[in-house]
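Structure first, then comments.
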């Protein structure tokens, strides 16, 4: 049995029936990190003695949850008492939180094993750090949850926390070919996570199967997220090209279309879906609200440590500081109106699909364009990356499955239904 190939739920079942131990699984993950991290650069901080001791404790205890004994990784903008949390920036090098973030505490209370901290871009924004794409080191893994996506993709860890304020979770999940869930805004406690723009900030989850996401999100949301789609009821799905369709590469457009055709061939209803005209400018609205919020959140760091910030971040902060109160209020008013009305837009659809990203992971260090995520982040709806195919360079391409606010459990069940035995699409 190759332990690193096990999903979290598979491994947890083996741990429960004593076929394997948490120590064995944790040691296998640490060995994989030792072999690959110098190339991939997904993990920023590990402590093998600490993690193996946590695993040994899990082995001594009765199972506390569906993920008891399972190693998990934490993005470097989420506080951990036993590892540094440096926000991906020199400004906070060596920062040691005194307590775990709520989400980390909940996982540890559930018997999961904290494996270490994975790389974030600078302040979870657009400037990359050291992480490379595990499938092709010349390409980006995306951002800002770059280490989370790369670590899960490369079998260093079965599950990892990320977060999203623009496109920070869905984009790297799509680039690295893993499942990523950005849940409904506000469904989990964000205490202990770097605040950027609180109207958008959302904790997220990455794994290599939807069952793992159901269990992972269930622990942190404190609600059972595991259910099965009624196979006798066909789903009704809308194809949403969004107002940004021109940014989608030809291979992304063809993969979205082919995936929709495969869903329809299985008896589901698939039809075109159009967003309301009032949503046309949400990308610009998101930018104004986000940049203004970040300028306020990082004001002290900007005033005291701007020399340690990248030029890209400084430009963003300066733009945010230029936003007038009237401009911000106008943008927020539209954002609030659209978020309040979004559930009504779905009509009788169960969910909609659209691109997760413009195309495959780009060559080089830049973390990619969040153009296909930011409107959904603003609207606060749950988004699930489905790794449905590969582009011409052999790198993954995903599509987003998007549901109504608070329909997360249904969305996960539908995603599992749609992806079951689905052949991977080659562009």
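What to note about this one:
- Rounded if a/c under 1.5, otherwise prolate or oblate - segment 140-250, Cα gyration tensor axes: rounded
- Taking a ≥ b ≥ c as the square roots of the eigenvalues of the Cα gyration tensor, segment 3-221 is classed as rounded, since a/c falls below 1.5.
- Per-residue Cβ neighbour counts within 10 Å put 376, 245 in the sequence 245, 376, beginning with the fewest.
- Across segment 115-218, the mean sequence separation of Cα contacts (distance under 8 Å, 6 or more residues apart), normalised by length, yields a relative contact order of 24 percent.
- Expressed as a fraction of 2.2 N^0.38 Å, the value expected for a compact globular protein of N residues, the C-alpha radius of gyration of the chain is 0.92.
- Cα gyration tensor shape for segment 217-352, rounded if a/c is under 1.5, else prolate or oblate: prolate
- Ranked by how many other beta carbons lie within 10 Å on average, peptides 237-243, 132-138 from highest: 237-243, 132-138
- By average C-beta atoms within 10 angstrom, highest first, the peptides 320-332, 169-181, 274-286: 169-181, 274-286, 320-332
- Centroid-to-centroid separation of segment 208-243 and segment 289-311 [C-alpha atoms, Å]: 36
- Alpha carbon centroid spacing (whole Å) that separates segment 31-82 from segment 323-340: 41
- Ranked by the mean number of other Cβ atoms within 10 Å of their residues, highest first, the peptides 112-124, 296-308 fall in the order 112-124, 296-308.
- Here the contact order of the chain, divided by its residue count and restricted to Cα pairs under 8 Å and six or more residues apart, works out to 18 percent.
- Fraction of antiparallel bridges per DSSP, segment 3-221 only, in percent to nearest 5: 65
- Sorted ascending by nearby beta carbons within 10 Å, beginning with the fewest, 152, 157 become 157, 152.
- Counting DSSP beta bridges with both ends in the chain, the antiparallel % (nearest 5): 60
Each value in this text was obtained by applying a stated rule to the coordinates, not by laboratory testing. Note that the structure is a prediction, hence the values are computed from the model and not measured. Ideal geometry is used to build each Cβ from the backbone, glycine not excepted, and the neighbour counts take in all protein chains shown.
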